[in-house]
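Okay, structure first, notes after.
The values are calculated or read from the model by the stated rules, or taken from the named source; none is laboratory data. Everything quoted here is computed from the prediction, not taken from an experiment. Heads up, the Cβs are rebuilt from the backbone with ideal geometry, glycines too, and the neighbour counts pull from every protein chain shown.
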Amino acid sequence: MDDPWFTTYRGRGKLQIMPRNAAGWIATAVMVLLTTGVMLGTVPLVATQPVLIILPLLATMTILFVFIRFAMARSETINIDEIAEEIRARRARGGK
């Protein structure tokens, strides 16, 4: 991968994806606009038949799932557990 768009921080019980450059911010903005567009675009439909709220919710979940997979594929991963273990080992040896 030439230039990662995102930085992914992984650890025990944690997954944080942050945009790293302009391409990452643009991808994040597109995801937000798509999600907002789906929800706002279906308001008239849901107002007439409330049971149809399922459709925009499924679309939103799909958009978020695809975005997370895309972002993880275009990211540099930093494992926080490994860093914490190195710090603990260094402190156990008497270092700072």
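Applying a threshold of 9 Å to beta carbon distances and a minimum spacing of six or more residues, or different chains, the list of pairs starting in the range 61-86 at a residue that is closer than 15 Å to Ala29 by Cα and ending at one that is at pLDDT below 90 and part of a strand (DSSP E or B) reads Ile68/Leu15. Does Arg90 satisfy the criteria of being closer than 20 Å to Asp3 by Cα, basic (Lys, Arg) and assigned to a helix (DSSP H, G or I)? No: the conditions fail for Arg90.
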